[in-house]
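The values are calculated or read from the model by the stated rules, or taken from the named source; none is laboratory data. Since we're looking at a predicted model, the values are computed, not measured. Cβ placement follows ideal geometry from the backbone for every residue including glycine, while neighbour counts extend to all protein chains displayed. Remember, those area values only see protein heavy atoms, side chains included, never the ligands or the DNA or RNA. Shrake-Rupley method; radii C 1.70, N 1.55, O 1.52, S 1.80 Å.
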Amino acid sequence: MEDFRWTYLQLCKEGGVEPQESVVAQLQDSRAAHSSRLDLSGHSLSTDTCSILARAFQKDAVFTEVSLSDCMLTEEGTKMLLAGLFHNISVKCLDLKGNNLRSTGAEVLGKLLGCNKTLHRLVLEWNALGVWEESFSLFCDGLASNNTLTHLDLRNNQINHHGASELALALRRNSTLQELDLRWNNIGLLGGRSLLEALQKNKSVIQLEMAGNNIPSDILKALEQSTGHNSEREFTLRESRNKTHVLSREIQSLKEEKGRQFLSLMETIDRQREEMGRSTKSSSAQIGQLQQALNERKSAINSLTAKLQMTEAALALSEQKGQSMGEVLCRMKAEKEEQKEQQSRLRKKQEEESSLREGKLHREIQNLMETNGQLRSKVEELECRCKSQQQQIFELKQELTNSTAELKMRLMKAEDRLESEKRRSKQALEDMETLRHKEVENVSQHLEESERALQERIFKLEAQRIQLEEELGKTKAAVVTERAQAEEELGKVRTQMRLEEQEHVSSLEEKLRSLRASMQQLQMHCSQQKQSISELQAKSSHQSMETDGLRRRIEELQQDLSGKEQEKMAEVSRVRVELLEQIGQLEADKTAQEGLKAKISALEREMKVLTNNHREVLLDKESEKSSLLEKLRLKEVEIQRMKEDEAQRASYLQSAILSYVQGSPLGRYSSPNK
């Protein structure tokens, strides 16, 4: 409304027209009341105002009802104003009461009815549309082509029987007009008959007001009967439409309900599918987690196998150290043999010198005899020293045997532990165990060979000792002869032997100390290996327990999965049964709908039969009506003739009475009085 007011003022400003205060005030009132009705009744509108309003109505989409009654519109203003409503899409009710519309107004109204597609109600009371027959015929042509107007008010428009005949022709072509008000016109008998004939073909007019038109009562009754038939027909059609609408609504509601049920079923199925997918995803995730845990355990087992390999490498290193110790012993034995060879060489030199000094020794035999006892004591001391050396060698042998036995025991224990670990590990490690056994056997064989070599060397040393004892015996026999000469040399030899023995003993002691330190290191290393093996055994047992737990967990999960699958199958079967039941219900509903459709078709057939019967009855009644009208017309003609006869008789009687009165004495008395 504010937009319409603003457009009105803007158009006035553009056209250089002063806005009419009454129009602006009325627009302000309608804006304040928020009404869709524009009431300008009683306000005299100028031609400029009508042109501005016409331009505003072309753009208007707010007002649905416009009242312009008693506005004293000129022909030019009416033409402009109605031209603005040609293509308006919002105005449904137009009131032009009391504007003295004549030929131009009728022509423009005809054009309006031909162009406008939204106007439903048109009030033209107290105008003069029927004065000019040609203009009113144009108005009737527009009414005939209109398809939206339902109410038309033509009271007091000076419509005669010619205008009524034009209006009747328009009604024959119009199929939407329902209410027509023609009161207080001058239609007459002929106009009433033409309208009656038009209503026999028009089936939409249900209300027709014809009072004050000089129409006989029988024609009025016939018009009322035709409109009554039209109203009854409209009522029956409306009822049938309502029934069909109700049935279509019921069918649509049934279809919507079944559709909703089907959609709900599909939603439940989709939800169940989603739940099944979630359960499968969760189970797959759990299986993946278990697989990851198994992979972690496998990696831990692989790390343990790597540690075992490291321990085996350490054992190999210890074996290598043992071999190196054996090599050191062999070197020591070789050094001893070299020393013995040196001693034998020295003795040979001494023998050569003794042979050279035999002469000198014979001279000194007596001195030697004295010193023989001393030499014997010294020889005994040497024998004691040899025995002590032999005991030391025997002790070294025992230590070697003990160390080898301990190494063998440790190797056996390690082999037993490795075999137990290998039994607990997988079958893939069996080849490695066989290789390790072979290596251990090779090591043991190598140790046995080294022991054999040592024993052979010990036997050789004993043989050498025996040879040395024999040589000592020979030397004793020779010493008896060479006592004198050998005393000095023996002193020198004693000093040299003492020094050499001291050096040799110190070197042997150092070597023994180094051997003991290496043995202690080997013992420490073996103890560390034992601890690592025990830790590995504990870890392997823990991991075996964890693998057993994981296996049990996997079995439980598999059982849960099988249970869930069984539940899923049961749920799917239940859903299938429910779907089958619902499909049966839908089929039953479908059959019921088919029955309803059959009933509807039967009702439609009955309606068609009823409409046909009704049409036949209407045709019979119309034929009866036409016959009655003919009879009435004949009776009217007879009545007219009788009236004319009576009028003639009355005129005859009047003339006779006048002649009688004039011829009577009363006439004589009355004539002079005149």
Practice problem: Compute the acute angle (0 to 90°) between the alpha-carbon long axis of helix 133-145 and the principal axis of greatest extent of the alpha-carbon atoms of the chain; round to the nearest 10°. | Solution: 30
Quiz prompt | Rounded, prolate or oblate (a/c below 1.5 giving rounded, otherwise prolate when a/b exceeds b/c) for the stretch 61-105 by Cα gyration tensor | solution = oblate
Quiz item: In the chain, carbon and sulfur make up what percent of the accessible area (probe 1.4 Å)?
Solution: 53
Quiz prompt | Vicinal HN-Hα couplings computed from phi for the stretch 162-179 (Karplus, 6.51 cos²θ - 1.76 cosθ + 1.60; Hz; Gly/Pro x) | solution = 5, x, 5, 5, 4, 5, 5, 4, 5, 5, 5, 8, 7, 10, 10, 5, 10, 10
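Nearest 0.05, what FRET efficiency do Asp3 and Thr118 give at R0 = 25 Å with Cβ-Cβ as r? Write out the running numbers ahead of the final one.
On the way: r = 19 Å, r/R0 = 0.75.
Efficiency at R0 = 25 Å is approximately 0.85.
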Quiz prompt | Those lysines that a straight Cα-Cα span of less than 18 Å connects to Lys635, excepting residues fewer than 8 apart in one chain | solution = Lys221, Lys625, Lys643
Quiz item: Does anything in the stretch 206-232 have its amide N under 20 Å from the 7 Å Cα→Cβ label point of Lys631, and if so which residues?
Solution: 216-226
Quiz item: How much of Asp141 can a 1.4 Å solvent probe reach, expressed as accessible area in Å² and rounded to 10?
Solution: 80
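What order, most packed first, do the peptides 154-165, 458-469 have when packing is the mean number of other Cβ atoms within 10 Å of each residue?
Details: 154-165: 21.5, 458-469: 13.1.
Going by the mean number of other Cβ atoms within 10 Å, highest first, we get 154-165, 458-469.
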Exercise. Mind pulling the angle between the C-alpha long axis of helix 365-424 and the longest principal axis of the chain? Nearest 10 degrees, somewhere in 0 to 90.
Key: 20
Quiz item: Which listed residue (Leu356, Gln485, Ile215) has the Cα farthest towards the positive end of the charge dipole for the chain, taking +1 on Lys and Arg C-beta and -1 on Asp and Glu C-beta about the Cα centre?
Solution: Ile215
Exercise. Answer rounded, prolate or oblate for the stretch 116-236, using the Cα gyration tensor with square roots of eigenvalues a ≥ b ≥ c: rounded when a/c is under 1.5, else prolate when a/b is larger than b/c, else oblate.
Key: oblate
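Over the chain, what is the mean sequence separation of C-alpha contacts under 8 Å (at least six apart), divided by residue count, expressed as relative contact order in percent?
Details: 599 pairs, mean separation 45.4, N = 674.
So the answer I get is 7 percent.
In debye, nearest 20, what is the charge dipole magnitude of the stretch 552-658 about its Cα centre with +1 on Lys and Arg Cβ and -1 on Asp and Glu Cβ, if you could check? Kindly include the intermediate steps, with their values, before the conclusion.
On the way: 20 positive and 23 negative charges, 87 e Å.
Using only the charged Cβ atoms, the result is roughly 420 debye.
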Self-check item: Check: the stretch 87-152 dipole with +1 on Lys, Arg Cβ and -1 on Asp, Glu Cβ, in debye
Solution: 300
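Only Lys, Arg, Asp and Glu count, each charged at its Cβ (+1, +1, -1, -1), so figure out the dipole size of the chain about its Cα centre, rounded to 20 debye. Walk me through the numbers on the way to the answer.
Values: 101 positive and 109 negative charges, 196 e Å.
Computed about the Cα centre, the dipole is about 940 debye.
Which of the three applies to the stretch 1-55, rounded, prolate or oblate, going by the alpha-carbon gyration tensor with a ≥ b ≥ c and a/c under 1.5 meaning rounded? Kindly include the intermediate steps, with their values, before the conclusion.
On the way: a/c = 2.10, a/b = 1.36, b/c = 1.54.
The shape class here is oblate.
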Practice problem: Could you list which residues have their amide H under 5 Å from that of Cys71, counting only those 5 or more apart in sequence or on another chain, with H placed in the peptide plane? | Solution: Gly42
Exercise. Please give the helix 430-481 orientation as an angle from the longest Cα principal axis of the chain, in degrees from 0 to 90, rounded to the nearest 10.
Key: 10
Exercise. Positive end of the charge dipole of the stretch 119-200 (Lys, Arg +1 and Asp, Glu -1 on Cβ, about the Cα centre): tell me which of Ser145, Ser194, Ala164 has its Cα farthest that way.
Key: Ser194
Quiz item: Which entry in [x] 41, 30, 24; [y] 161, 34, 14; [z] 79, 27, 17 matches semi-axes √(5λ) of the Cα gyration tensor in Å derived from the coordinates of this structure?
Solution: [y]
Exercise. Find the accessible area per residue for the chain; the probe is 1.4 Å, ligands and nucleic acids are left out, and the unit is Å².
Key: 64
Quiz prompt | Karplus-derived HN-Hα couplings along the stretch 51-65 (A = 6.51, B = -1.76, C = 1.60, θ = phi - 60°), whole Hz, x at Gly and Pro | solution = 5, 5, 5, 4, 5, 5, 5, 5, 9, 7, 9, 10, 7, 9, 9
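What order do you get for 585-598, 50-63 when each peptide is scored by the mean count of other beta carbon atoms within 10 Å, highest first?
Working: 585-598: 12.4, 50-63: 20.0.
Final packing ranking: 50-63, 585-598.
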Exercise. Go through the stretch 631-639 residue by residue and turn each phi into a ³J(HN,Hα) via Karplus (6.51, -1.76, 1.60, θ = phi - 60°); whole Hz please, and just put x for glycine and proline.
Key: 4, 4, 4, 4, 5, 4, 4, 5, 5
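Please find the FRET efficiency linking Thr611 to Thr176, where r is the Cβ-Cβ separation and R0 is fixed at 22 Å, and quote it to the nearest 0.05.
Numbers: r = 21 Å, r/R0 = 0.94.
Computed FRET efficiency for Thr611 and Thr176 comes out at 0.60.
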